[in-house]
Amino acid sequence: MSGHVIGVLADIPIGEGRAFVVDGRQIAVYRMRDNSLRALDAACPHRGGPLADGLLDAGIVVCPLHGRGYDLGTGAESDGGPPACPHTATADADGTVRVVLGP
């Protein structure tokens, strides 16, 4: 398996995000209600808000500081602002969570 091991699936409650350091970068990893994972840079591109603490809704995370929304698949900002960098997060059959960093 490729990617950086960051922990286990049980570390991320369903419907929430958690921040991890991956290769020196802060990454927010989200566990969706269907148990799939999404990942973005942990700092909001707008003003550095903690995206791991944002609310999730329909594939969007909302920054808790200023309410900017980011698509969890693409990182696109809902109002056309600078995007958050998307990453790939997966869970192995044993629950090990891996992240492959985006660009």
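The values are calculated or read from the model by the stated rules, or taken from the named source; none is laboratory data. None of these values were measured; they are calculated from a predicted model. Methodologically, a virtual Cβ is constructed for each residue, glycine included, from the backbone with ideal geometry; neighbour enumeration extends over all protein chains shown. Just so you know, the surface numbers come from the protein's heavy atoms only, side chains and all, with ligands and any DNA or RNA stripped out. Shrake-Rupley method; radii C 1.70, N 1.55, O 1.52, S 1.80 Å.
Does THR74 qualify as being among the hydroxyl-bearing types (Ser, Thr, Tyr), open to solvent by less than 80 Å² (accessible area, probe 1.4 Å) and under 14 Å from the mean Cα position of the chain (by Cα)? Quick ask: steps written out before the conclusion?
Numbers: among the hydroxyl-bearing types (Ser, Thr, Tyr): yes; open to solvent by less than 80 Å² (accessible area, probe 1.4 Å): no; under 14 Å from the mean Cα position of the chain (by Cα): yes.
Answer is no for this residue.
Just a yes or no: is a residue in the range 81-100 acidic (Asp, Glu), in a loop (DSSP other than H, G, I, E, B) and surrounded by 13 or more Cβ atoms within 10 Å (Cβ to Cβ)?
Looking only at the range 81-100, we keep the residues that are acidic (Asp, Glu), and these are 92, 94.
The next check asks that each one be in a loop (DSSP other than H, G, I, E, B); those that pass are 92, 94.
Now restrict to residues that are surrounded by 13 or more Cβ atoms within 10 Å (Cβ to Cβ): 92.
Within the range 81-100, one or more residues are acidic (Asp, Glu), in a loop (DSSP other than H, G, I, E, B) and surrounded by 13 or more Cβ atoms within 10 Å (Cβ to Cβ).
Can you tell me which residue among GLY24, GLY59 is over 17 Å from VAL97 (Cβ atoms), without any contact (Cβ under 8 Å) to a residue 60 or more places away in the chain and open to solvent by less than 30 Å² (accessible area, probe 1.4 Å)?
Details: GLY24 fails: open to solvent by less than 30 Å² (accessible area, probe 1.4 Å).
Within the list GLY24, GLY59, the selection yields GLY59.
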Positions within the range 29-56 being part of a strand (DSSP E or B), surrounded by fewer than 23 Cβ atoms within 10 Å (Cβ to Cβ) and among the basic types (Lys, Arg), in sequence order
ARG38
